[in-house]
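Before any comments, here is the structure.
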Amino acid sequence: MKTEEQSILIVDDVPKNIQLLGSILKEESYELEFATSGKEALEWLDSKQFDLVLLDIMMPEMDGFEVCRRIKENPATREVSVIFLTAKADFQSIIQGFETGAVDYITKPYNRKELLIRVKTHLTMQQQRKQLELSTAFEKKIFSIIGHDLRSPMGNIRTYIEAFLLVNNDLNENVISLLKDLYLLSDNAFNLLENLLNWAKSQSGGIVCRPQTDNISMLIRNVLNLFAMQAESKKISLQFSGADVVNGFFDPELISVVIRNLVSNALKFTPHGGSITLNAYHQTESDQERLVVQVSDTGTGIPPEIVDNLLHKSIHFTTYGTDNEKGSGLGFQLCKEFVSLNSGHIWIESTPGEGSSFFVSLPAT
């Protein structure tokens, strides 16, 4: 089934050739236009959008090679598919045809059935390209909305609730409990938006890693401050047991995302009254000094088959936490990708019913 967008421009200085080709293509209900010179073809292309140009080479004033070159140099027409349809069958002409940007080269006399198949193939590819562009544009719009219209107000809501709780100590316990629940809900929504944006950037190649020498201990303490209220709501001990200064070579922004996701995950699967401990230290791996960040919890633990899926498979799945918390399933995939960008690796040690430890190894300074 053809669409109105499947339009073809036939360019040939011999009217009989245009008439013959037009009669073949009209059977397929393509929308056709005709030009008898290169100049006329370029004028058509300036005034109307085409999906395909069937272009002769041997024409007076401007040959097909020059027409194709101009089509591909023009940003408005460079995506139009060009097929040379010509009597020039020498090897050098064929090579030149593809070098100027043509997607195909058909020599005269052509086989009717072969011509139709090749035209249909390139029109289908062109239509798929357009659909992909529309899909990509839609995705960019969605993530633009997430990034600008949702992320900022959600972050503000979380901040306002936290600030209100800090300065109003005489509130009714029920009100305080409600506000804390609202804070946790807004915090979870904000973290989900952050992960979605980071995942979208990583999938499109938009993430740039800028490693530098930095103190991981300070970064960890900043992350723990973000989760203090969430830990308090489950009466979980959240602490850092490392030294004040443990340096490494990493991108602070990307590794901060990694640690935030690991701590968030630990809080999700640690029951009330449990504990989460973070540590950072140097150790030797394969005769090289490495920085290791460890996040350990007294949570529910992870079965071996799920550990294997987390580490070795690019799948997104999520399970409910001890308070029925639900994540996006993107967090650990982001951790793996961001750690890899920092020339690191990640592994898990876990015992079901006892807890888990997540380790991130990064270059040391």
- request: Work out from phi, with θ = phi - 60° and the Karplus expression 6.51 cos²θ - 1.76 cosθ + 1.60, the ³J(HN,Hα) of each residue of segment 346-358, listed in order in whole Hz, and give x for Gly and Pro.
  value: 10, 9, 10, 10, 8, 10, x, x, 10, x, 9, 10, 10
- line: Distance in Å, no decimals, from the C-alpha centre of segment 255-277 to the one of segment 35-106 is 60
task: Starting at the first residue of segment 291-300, write each ³J(HN,Hα) from the Karplus equation 6.51 cos²θ - 1.76 cosθ + 1.60 with θ = phi - 60°, in whole Hz, x for Gly and Pro.
output: 8, 10, 10, 10, 10, 10, 9, 9, x, 6
query: What does the charge add up to near Gly301, with Lys and Arg as +1, Asp and Glu as -1, over the other residues with Cβ less than 12 Å from its Cβ?
result: -3
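Please compute the net charge surrounding Arg70, taking Lys and Arg as +1 and Asp and Glu as -1 over other residues with Cβ under 11 Å from its Cβ.
+1
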query: Near the amide H of Phe240, under 5 Å away, which other amide H atoms are found, from residues 5 or more places off or on another chain, if H is placed in the peptide plane?
result: Leu278
- line: Between the residues Val14, Ala89, Ile57, the Cα farthest towards the positive end of the dipole of segment 7-110, that dipole coming from +1 and -1 charges on the beta-carbon of Lys, Arg, Asp and Glu, is from Ala89
field: Sequence ranges 251-263, 86-98, ranked by mean other-Cβ count within 10 angstrom, highest first
entry: 251-263, 86-98
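Readers should treat all values here as calculations from the given coordinates under stated rules, not as data from a laboratory. A quick note: this is a predicted structure, and the numbers were derived from the prediction, not measured. Backbone-built Cβ (ideal geometry, glycine too); neighbour counts: all protein chains shown.
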